[in-house]
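Novice: First, the structure itself, so that you have it in front of you.
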Amino acid sequence: MAEKKKGRVYYYRMRTPEKRLEANVKIAAMVAVAVVVGLIAAFALAFFFGAQPEDVPVVSAPPAELPQDAPPVLALPEAPVERLEPPPPGGGPAMRRDCADCPPLVVVPAGSFSMGVRADEAGGSGVSPSMIASESPAHGVTFQKPFALQQTEVTRRQFEAFVKDSGHQAAGCTVFNGTDWVFDLGKSWRDPGFYQDEDHPVVCVSRTDAQAYVDWLSEKAGVAYRLPSESEWEYAARARVTGAYVWGNDMTAACTHANVAGSTFMSRYKGRPTSMIFACDARHAETSPVAQYKVNAFGLYDMYGNVRELTADCWNNGYRDVAQDGAARMTGDCGAAVSRGGGWFDPPVNLRTTRRLRADAGERRADQGFRVARDLDEPGF
């Protein structure tokens, strides 16, 4: 129905309405067919040449499973809390926060426990006579009143708020270089030699740094914060559990309770004897974010593993002439402190419930951190 004339295409004008209608219908049908064919072609191209779901690798670490009755990890509030918060729905420990920059605290109940190594806790691989001497004699400790302890270890976010506000300097750190622990002036809590985000526990801090933090926190909150005593720490960490390890005799259970040196650690730091490694996978080679493992009966996270935790006590090699009220010992070698709980690098023997480690007051290590405490007779409780 068309003729070419001088390079242009002309169409005869239809002479009747019926002819014009018939032509319009044919044109519409052809357009519809063309659209359908185009869509089919597009889908075919996407199917044969586009990315399929199974072609795209997804790399993600499975989230740690926490008990259903685990207390929530408190987020930063918009305004300071002025009084004790009620227990979470369904029960659990009471928690509070004193100010926007203050860490969440858990109320540890009053009670008694046996501190130090007992005969049934002295055995096991790697337990040396010097360790037993340091952890002896076993003795009773009674807390007449409850006290407050930080729910997690102090995080990088919390420590950074202190540094920004106070200008505190904490440069230089003893780090693991793959072969040995060496002091590196270029390392610090900002860069301990491995990846951390703001929810990881702060490391490369000394007892001097920790004391500066609690002094700053006390001024911010208007109440007296402090480091926990060694007795408070062990009582809270055990949470009424007896035995050499809080997870019992099954050492493969350690990785559900704590960030310990397991198979992921071994994949990065090869060549370590198997006796120095947990036969399980804690999913981290160094530190993990806080509150990723099982919470204890008092509502506290990471009391064992992740980082060694500094206490207020001066170092004494054993418990001779120790008070039984749980107060910190401020006599002995006060140029050094006691750290507890073991860390991401430590062998199983260092995560026993009674294990004590000496830490020079000015020493910063890439596996050392802390948490804070306060009395409940302070304002606000």
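Every number in this text was worked out from the coordinates using simple rules, so none of it is lab data. Just so it is clear, the model here is predicted, and its values are computed rather than measured. Reconstructed Cβ throughout: ideal geometry from the backbone, glycine too, with neighbour counts over all protein chains shown.
Novice: Tell me, W233, W216, W315 in order of fewest to most beta-carbon neighbours within 10 Å? Don't skip to the end; give the middle numbers.
Specialist: Values: W233 26, W216 18, W315 21.
Neighbour counts put them in this order, fewest first: W216, W315, W233.
Novice: Okay, moving on. Under a point spin-label approximation (7 Å from Cα along Cα-to-Cβ), what is the D184-H139 distance to one decimal in nm?
Specialist: Reported label-point gap for D184 and H139 is 4.1 nm.
Novice: Modelled label-to-label distance, D377 and R240, 7 Å Cα→beta-carbon offset: nm?
Specialist: The answer from the label model is 2.5 nm.
Novice: How many percent of all Cα-Cα pairs in the range 105-375 sit more than 25 Å apart?
Specialist: Looking at the range 105-375, the distances longer than 25 Å represent 41 percent of pairs.
Novice: Same structure, new question: Starting from 0.36 nm per residue, how many nanometres of slack lie between R272 and D197 once their C-alpha separation is accounted for? List each step's numbers first, then the result.
Specialist: Numbers: separation 75, 0.36 × 75 = 27.00 nm, distance 2.69 nm.
Separation in residues times 0.36 nm, less the Cα-Cα distance, equals 24.3 nm.
Novice: Could you give P(r) for the range 170-266, binned at 5 Å from zero, as whole percent values over all Cα-Cα pairs?
Specialist: 2, 10, 12, 16, 17, 19, 15, 7, 2, 0
Novice: With r as the distance between the Cβ atoms of S125 and A171 and R0 = 41 Å, compute the FRET efficiency 1/(1 + (r/R0)^6) and round to 0.05.
Specialist: FRET efficiency, A171 to S125: 0.60.
Novice: Using the Karplus curve 6.51 cos²θ - 1.76 cosθ + 1.60 with θ = phi - 60°, what ³J(HN,Hα) values do you get for each residue of the range 266-275, in whole Hz, with x for Gly and Pro?
Specialist: 5, 5, 9, 10, 6, x, 7, x, 5, 5
Novice: Same structure, new question: Kindly flag which residue pairs out of K164/K187; K187/K270; K220/K294; K145/K220 have an alpha-carbon separation exceeding 28 Å in this structure.
Specialist: Values: K164/K187 18 Å; K187/K270 23 Å; K220/K294 31 Å; K145/K220 25 Å.
As for pairs spanning more than 28 Å Cα to Cα, those are K220/K294.
Novice: Taking the mean number of other Cβ atoms within 10 Å as a proxy for protection, how do you rank 169-176, 221-228, 240-247 from highest to lowest?
Specialist: Ranked from most to least packed, the peptides come out as 221-228, 169-176, 240-247.
Novice: Could I ask something else about it? Can you give me the distance in nm between label points at D360 and N249, each placed 7 Å from the Cα along the Cα-to-Cβ direction?
Specialist: With each label placed 7 Å out from Cα toward Cβ, I get 4.2 nm.
Novice: Same structure, new question: Starting from the exponent 0.38 and prefactor 2.2 Å, build the expected Rg for the range 315-373 from its residue count and divide its actual Cα Rg by it.
Specialist: Working: Rg = 12.3 Å, N = 59, 2.2 N^0.38 = 10.4 Å.
So the Cα radius of gyration is 1.19 times the expected 2.2 N^0.38 Å.
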